[in-house]
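Notes follow the structure.
The values are calculated or read from the model by the stated rules, or taken from the named source; none is laboratory data. Keep in mind it's a predicted model, so treat the numbers as computed, not measured. All Cβ positions, even for glycine, are placed from backbone atoms using ideal geometry, and neighbour counts span all protein chains on display.
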Amino acid sequence: MEISPMELSKLGLDPWFQEQAVELCQPEQRIARVTAVDRGWYVVRNEEGEVPARATGRFLNATGSTMDMPCVGDWVCVHYDSADSASIHTVLPRKSFLHRKSAGKNIEYQMIAANIDVAFIVQSCHYDFNVARLERYLVMAKEGHVEPLLVLTKTDLVSTDELEQLILQIRRGGISTRIIGLSNVTGSGLDQIKGLMGPGKTYCLLGSSGVGKSTLINRLTGQDTLKTRTVSDSGEGRHTTVRRQLVVLDQGAMFVDTPGMREFGLFGASEGIGECFDDILELSLSCRFTNCSHTNEPGCAVVQAIAGGKLQSEHYGNYVKLKKESELNETAYTEKRKKAKTGGKVGQSAIKKSNKQK
């Protein structure tokens, strides 16, 4: 396998990924990064440019979970079938990831992006602001070992005092993550974001539809890289991003834009919940009983903190909600996997029995 670290380093390749590629890619394969995903089709990029790609049938048959499928930001082993097409054979291990529960009743992982250095969690000051939703995004980032940063957009639609009150709500909710106020109209806050971005690093934009994610990327690139639509009279943006894609900026940083999330479920997020609500976990260590439910037990440090105004009841309520949601979804997912394995064994047994009768 041939690797050009000097060129691919601009796409985020480092010695760790190089070692994985040497071990996992075949001699006739090359390493590339997934820059777009759209309904089973992929776009991969190496030092020579981008081409469309499909996962091989062998790879798909060996894939045990949707988490193992290629997603934007992944490094993959590919075979270039021609000058303008490639086939994906292997997904290299990930350093970090962002995933959620798939939309609807189906209990399955949906990968959003991989190998992300910083996630910009974007909310609008005007109509989209919600501290509980911010905590949900923070859990996702912490669970996937991605550094979070909060961006409050449309600051031109609120006063300075109103913006300070929104930030105060976030801090009272126990969130200490750095916050940047941004106006895509006036450009305020744009230099702060640019100053944080480094060459070879990958950033992801997370948020609801119409909060200004695509407009932000267009401001950073200085061109209409991604389509946007005019905001409504209420100031609410109109979402246009329909696929996840990685955009390389002139200064060498990379941005992953994602479609807005109307439904955002968690599961398998115990580590992220623990990190985001470490204040509650710390308090629980002082409870009189180790199995305290933090409801009406005597000597409950959590209940005392809420009563004394040291812990917001909304913050604790969201912790309980997210923890329960994650555990229920994880249990349902485990049961689903068990049934699938049992069904597969029964099917194989029936086939063997039928063959013997023949």
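When restricted to residues that are crowded, with 17+ Cβ neighbours inside 10 Å and touching a Ser or Thr at 6+ places or on another chain (Cβ under 8 Å), segment 179-199 contains 5.
Here segment 98-124 is the region considered, the condition is being part of a loop (DSSP other than H, G, I, E, B) and at pLDDT below 90, and the residue that is farthest from VAL43 (Cα to Cα) is LYS105.
In the condition set (1) at pLDDT below 85; (2) surrounded by 18 or more Cβ atoms within 10 Å (Cβ to Cβ), THR230 is compliant with all but (2).
Residues to consider are ARG39, ARG33, ARG45; find the one that is modelled with pLDDT of 95 or more and basic (Lys, Arg). Matching residue, one of ARG39, ARG33, ARG45: ARG33. ALA62 satisfies every condition listed in (1) of a type in the set (A, V, I, L, M, F, W, C); (2) without any contact (Cβ under 8 Å) to a residue 24 or more places away in the chain; (3) within 22 Å of MET254 (Cα to Cα) except (3).
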